[in-house]
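Student: Dumping the structure here so I can ask a few things about it.
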Amino acid sequence: MSDTQPDIRKGLVGVIADVSAVSKVMPETNSLTYRGYAVQDLAEQCSFEEVAYLLWNGELPNAEQLAGFRREEASQRGISPALHQVIQAFPHDAHPMDAIRTAVSFLGMEDPEAADVSEPATRRKAMRLLAKIPTAIAAAHRATKGQAPVEPDPKLTFAENFFHVVFGKVPQPEVVKAFDVSLILYAEHGFNASTFTARTVTSTGADLHGAVTAGIAALKGPLHGGANEAVMHMLAEIGEPSKAVAWLEGKFDHKALVMGFGHRVYKNGDSRVPTMTRYAEKMAEVVGDRRWMEMSRLLAAAMLERKNIHPNLDFPAGPAYHLMGFDIPLFTPIFVASRITGWAAHVIEQAADNRLIRPLSHYTGVAQREVPALGARG
Ligand code: COA
């Protein structure tokens, strides 16, 4: 590196910004572990609550610890009349990601420990956010349809309650399991853009609600979490399997991005995809609609053959959520309901060994000059 030619890593590609013990992303084997456990094993063998506990505590809970965690989460699901009023005042065409970003910011102002950035307070606030985010997402979504909010049910699991607050009913166990699996797969993923954003906010000494609000803003973008919605819009635009390959050829002609494909870290596939695809296939069987998965299969094969680019998790998650009955604008908010676990784990880790995150830029503007008098300016 010299003064004139600094080593700039645009997009921070390949930069190792800090240590982390939360998860390990292994591009060489296309795999991911949370606290040492393979994510596909956690998805098959654990509930989302167990994984949330794991991310926050470093170990899986025993039965008693799990019961305590579930009890605490279930008891915190209610949101205040003031937040309900604010949600009712949101513009009805507001995107649900903007709604949940605003609701989390509001929850920060209401939280009794808002300004306390100590680790015990951050852990309590994280639990409250985990519990309340689905209630706020569902209330905002129902408001756009003129529907009254549904009170959360503390007897239900996290995944069951999500369906309950959105639809007013809980579907059959296979659907709940597929949703729970998606929550586990979305929970954590190293220094992705939204997590790094949350860590950057935390590094300034700001509080959890600020970090999560910023994380939600970053997650909304179509290059990050917004891709699961974009995938379903793409499948809906294609319409039927027979048109999939021709549609894709048209995209190649324009060098356009195909949503749900490619990844900054994994270049040869993503270990979360086979698991999510299997559960999306199960949803197609349950619903009796194979169209979206057939289209997905054709697109994935053609992308691999023509571009050697693999699908990412958003590719099977999009049609899976559609088959579960969720409206497309809810897909990325579901990602928020899950990723709050990863964000909070990273906020705790960042705060425990903090140094302000403050990189440098290489100036390429005009050279230093004198300020001309007002009358002498062109
Ligand atoms: N569709 C078409 N081409 C793609 C592509 C996609 N989804 N993803 C990558 N490519 C192309 C790039 O345009 C680039 O081509 P070039 O060399 O001719 O310029 C090449 O593949 C290498 O791209 P890469 O450097 O690996 O991408 P990146 O690391 O900067 O970006 C993403 C990664 C995720 C932002 C990118 O793949 C993308 O935009 N994907 C679609 C959005 C998406 O699904 N996001 C969710 C991510 S989990």
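The values are calculated or read from the model by the stated rules, or taken from the named source; none is laboratory data. Computed from a predicted model, the values in this text were never measured in an experiment. Please note: Cβ atoms are built from the backbone with ideal geometry, for glycine as well, and neighbour counts cover all protein chains shown. We work out accessible area using only protein heavy atoms, side chains counted, and drop any ligands, DNA or RNA first. Shrake-Rupley method; radii C 1.70, N 1.55, O 1.52, S 1.80 Å.
Student: If a residue must be among the β-branched types (Val, Ile, Thr) and within 16 Å of the ligand (Cβ to nearest atom), how many such residues does segment 21-34 contain? I'd like the intermediate steps shown before the answer.
Tutor: The first filter runs over segment 21-34 and keeps only residues among the β-branched types (Val, Ile, Thr), leaving 22, 25, 29, 33.
If we keep only those that are within 16 Å of the ligand (Cβ to nearest atom) too, we end up with 25.
Within segment 21-34, residues that are among the β-branched types (Val, Ile, Thr) and within 16 Å of the ligand (Cβ to nearest atom) number 1.
Student: Which residues, counting only those in segment 189-215, are open to solvent by less than 40 Å² (accessible area, probe 1.4 Å), among the hydroxyl-bearing types (Ser, Thr, Tyr) and more than 11 Å from Gln350 (Cβ to Cβ)?
Tutor: Ser194, Thr213
Student: Only residues that are more than 30 Å from Ala198 (Cα to Cα), outside any helix (DSSP H, G or I) and either of a type in the set (Gly, Ala, Ser) or within 8 Å of the ligand (Cβ to nearest atom) (or both): list them for segment 217-245, please.
Tutor: Residues of segment 217-245 that are more than 30 Å from Ala198 (Cα to Cα), as a first pass: 235-245.
The next check asks that each one be outside any helix (DSSP H, G or I); those that pass are 239-240.
If the condition is that a residue be more than 30 Å from Ala198 (Cα to Cα), outside any helix (DSSP H, G or I) and either of a type in the set (Gly, Ala, Ser) or within 8 Å of the ligand (Cβ to nearest atom) (or both), then Gly239 is the only one that fits.
Conditions tested, residue by residue: (1) within 16 Å of the ligand (Cβ to nearest atom); (2) open to solvent by 40 Å² or more (accessible area, probe 1.4 Å); (3) at negative phi.
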| residue | (1), (2), (3) |
| --- | --- |
| Leu12 | yes, yes, no |
| Val19 | no, yes, yes |
| Gly36 | no, yes, no |
| Ser47 | no, no, yes |
| Leu54 | no, no, yes |
| Asn57 | no, yes, yes |
| Asn62 | no, yes, yes |
| Ala67 | no, yes, yes |
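Student: Here is a list: Val231, Val265, Val245. Which entry is under 25 Å from Pro96 (Cβ atoms) and in contact (Cβ under 8 Å) with a residue 12 or more places away in the chain? Full working, then the answer.
Tutor: Numbers: Val265 fails: under 25 Å from Pro96 (Cβ atoms); Val245 fails: under 25 Å from Pro96 (Cβ atoms).
Val231 is the lone residue from the list that is under 25 Å from Pro96 (Cβ atoms) and in contact (Cβ under 8 Å) with a residue 12 or more places away in the chain.
Student: Applying the selection to segment 85-112, what residues are open to solvent by 40 Å² or more (accessible area, probe 1.4 Å), over 21 Å from Glu229 (Cα atoms) and not hydrophobic (A, V, I, L, M, F, W, C)?
Tutor: Gln85, Gln88, Ser105, Glu110, Pro112
Student: Oh, and also: What pairs can you find where one residue is in segment 188-201 and under 16 Å from Val19 (Cβ atoms) and free of Cβ contacts under 8 Å to residues at least 12 places away in the same chain, the other is within 11 Å of the ligand (Cβ to nearest atom) and part of a loop (DSSP other than H, G, I, E, B), and their Cβ atoms are less than 9 Å apart, with a gap of 6+ or different chains?
Tutor: none
Student: Which of the helices (runs of 4 or more DSSP H) found entirely inside segment 256-367 contain at least 3 residues meeting this: within 16 Å of the ligand (Cβ to nearest atom) and more than 20 Å from Val51 (Cβ to Cβ)? Even if it seems obvious, please write down each step before you answer.
Tutor: Details: elements: 272-287, 291-307, 314-324, 331-352.
Counting at least 3 such residues, we get 291-307, 314-324.
Student: Consider Thr29 carefully, then state whether it is open to solvent by 70 Å² or more (accessible area, probe 1.4 Å) and β-branched (Val, Ile, Thr).
Tutor: Spelling it out, Thr29 is indeed open to solvent by 70 Å² or more (accessible area, probe 1.4 Å) and β-branched (Val, Ile, Thr).
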